[in-house]
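J.: Following this message is one structure expressed as structure tokens.
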Amino acid sequence: MAAFIALILGSLAIFSASSSTLGNALSLNYYEKTCPDAEILIRNAVSQAAMRDKTVPAALLRMHFHDCFIRGCDASVLLKSVRKNTAEKDGPPNVSLHAFYVIDNAKKAVEASCPAVVSCADILAIAARDAVVLSGGPAWNVPKGRKDGRTSLARETRQLPAPTFNISQLQQSFSQRGLSMDDLVALSGGHTLGFSHCSSFQNRIHNFNATHDTDPSMNPSFAASLRRICPAQNKAKNAGATMDPSPTTFDNTYYKLILQGRSLFSSDQALLTAPKTKDLVSKFATSKGAFSKAFVKSMIKMSSITAGQEVRKDCRVVN
């Protein structure tokens, strides 16, 4: 634990300059007086969970992304469905999200120290940062002061960028949230962590089009290996593949795989279909440092999209 905290604190100086682009109400020292131990308590919860389950970091990073892309970073993804409303977490793209208990544990610890002060949205943003650090990625000082939203609608998860998107669809999705093509390529690097179910890349390995059964942009041997894992009539609920050969390590392997035709999603390979994004893929494939710096900048930008109204006492229900 001490080593993890030292790693974060030691790395903050490297990327602190990237934190100048903040949301209107966000501040780097927001809880300095009201809850000074908040980040340590959150860090403990994430670290303890990750020691028991190596999939936790990828889950938390994905959860944060899925939260921010709907109504801004307002923790609406954490709300549970109620009798008259199906919440975001039960929308089709989110049914595979997990590790919500980590945020619950962090919230309980923070509430015990400073009741009704730290938002669930801030806890999720900080936990996502800690998840990256735990996986060997860069650290940064998270701007804080988000509020929690009161609305969560499963139907709005259709707004999330799909793994089947082409470059135009990706650009439109990101630009609608004030994010650039640079942000698109940098944030896509989060795919260096985790696992994907067959359903997210079946379109590339079976009945791709009238001419090709598999996507011709995919490395043939890689496509063959995926077809073995995910046959056309696959019935295995949990079948799939890791996002890269080192799915628990935050590195730049993802970009190298794209250049080799070994990425899983259509949206990954689509980054090579526009000159600007292709250049960035090449740049990040050759420089982990360049990727880390860009990722931090884009994470701060994305996580500063705010729209909440309250500080929830329980992350799963509105006050």
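The values are calculated or read from the model by the stated rules, or taken from the named source; none is laboratory data. Since we're looking at a predicted model, the values are computed, not measured. Every residue, glycine as well, gets a Cβ built from its backbone with ideal geometry; the counts of neighbours run over all protein chains shown. Only protein heavy atoms, including side chains, enter the accessible area calculation; ligands, DNA and RNA are left aside. Shrake-Rupley method; radii C 1.70, N 1.55, O 1.52, S 1.80 Å.
J.: Please give the contour-minus-distance gain from Glu32 to Thr286: 0.36 nm per residue of separation, less the Cα-Cα distance, rounded to one decimal in nm.
T.: Details: separation 254, 0.36 × 254 = 91.44 nm, distance 3.86 nm.
Extra length from Glu32 to Thr286 when fully extended: 87.6 nm.
J.: I would also like to ask the following. Using helices alone, I'd like the mean residue ellipticity at 222 nm for the chain: each DSSP H run of four-plus residues gives -39500 (n - 2.57), total over residue count, nearest 500.
T.: Calculated at 222 nm, the ellipticity per residue is -13500 deg cm²/dmol.
J.: Which length gain, in nm to one decimal place, applies between Ala239 and Val117 when the Cα-Cα distance is subtracted from 0.36 nm times their residue separation?
T.: Between Ala239 and Val117, full extension yields 39.8 nm more.
J.: Here's another thing I want to ask about it. In nanometres, what is the gap between the two model label sites at Arg316 and Leu153, each 7 Å from Cα along Cα-to-Cβ?
T.: So the two model labels end up 2.5 nm from each other.
J.: Excluding same-chain residues fewer than 8 positions from Lys144, which aspartates and glutamates have a Cα within less than 18 Å of its Cα?
T.: Glu32, Asp37, Glu39, Asp67, Asp74, Glu111, Asp122, Asp130, Glu310
J.: Right, here's the next one. Ranked highest first by the average count of other Cβ atoms within 10 Å around their residues, in what order do 182-189, 278-285, 160-167 fall?
T.: Taking the mean over residues of other Cβ atoms within 10 Å, the ranking is 182-189, 278-285, 160-167.
J.: Assign one of three labels to the range 241-297, namely rounded, prolate or oblate, based on the Cα gyration tensor with a ≥ b ≥ c the square roots of its eigenvalues; rounded applies when a/c is under 1.5, prolate when it is not and a/b is larger than b/c, and oblate otherwise.
T.: oblate
J.: Full-extension gain between Lys108 and Ser168, please, as 0.36 nm times their residue separation minus the C-alpha to C-alpha distance.
T.: Details: separation 60, 0.36 × 60 = 21.60 nm, distance 4.22 nm.
Length difference between fully extended and current span is 17.4 nm.
J.: Let me ask you something else. May I ask which of Lys84/Lys313; Lys54/Lys283; Lys147/Lys301; Lys54/Lys288 have a Cα-Cα span longer than 24 Å here?
T.: Lys54/Lys283
J.: Show Thr151, Thr211 ordered by accessible area, largest first, where the area counts protein heavy atoms only and the probe is 1.4 Å. If you can, show how the numbers build up before the last one.
T.: Numbers: Thr151 55, Thr211 110 Å².
My answer, sorted largest first, is Thr211, Thr151.
J.: I'd like to check one number: the per residue accessible area of the chain, probe 1.4 Å, reported in Å² as a whole number.
T.: Here the per-residue accessible area is 44 Å².
J.: Give me the one-decimal nm value for the distance between modelled label points at Leu259 and Lys80, 7 Å along each residue's Cα-to-Cβ direction.
T.: If labels sit at Leu259 and Lys80, their model points lie 4.8 nm apart.
J.: Considering just Cα atoms, how many Å³ per residue does the convex hull of the range 213-254 enclose?
T.: Enclosed volume per residue, from the Cα hull, is 83 Å³.
J.: What list of ³J(HN,Hα) values in whole Hz, one per residue of the range 212-222 in order, does the Karplus curve 6.51 cos²θ - 1.76 cosθ + 1.60 (θ = phi - 60°) give from phi, with Gly and Pro shown as x?
T.: In residue order, the calculated couplings are 10, 6, 10, 4, x, 7, 8, 3, x, 5, 5 Hz.
J.: List the aspartates and glutamates whose alpha-carbon lies under 14 Å from that of Lys256, not counting same-chain residues fewer than 8 positions away?
T.: Asp244, Asp268, Asp279
J.: Follow-up question, since we're still on this one. Taking +1 at the Cβ of each Lys and Arg and -1 at the Cβ of each Asp and Glu, which of Gln233, Ala58, Ser168 sits farthest along the dipole of the chain towards its positive end, judged by Cα position relative to the Cα centre?
T.: Gln233
J.: Quick one: Cα centre-to-centre distance for the range 285-319 and the range 70-137, in angstrom?
T.: The two parts, judged by their Cα centres, are 12 Å apart.
J.: If I compute solvent accessible area with a 1.4 Å probe over the protein chains, what percent of it on the range 94-245 is carbon and sulfur?
T.: Ligands and nucleic acids excluded, carbon and sulfur give 52 percent.
J.: Further, regarding this structure: Sequence gap at least 6, Cα distance under 8 Å: using those rules, report the relative contact order of the range 62-153 to the nearest whole percent.
T.: Relative contact order here is 34 percent.
J.: First compute the accessible area of the range 23-72 with a 1.4 Å probe, then give the percent of it belonging to carbon and sulfur atoms.
T.: About 51 percent, which is the carbon plus sulfur part of the accessible surface.
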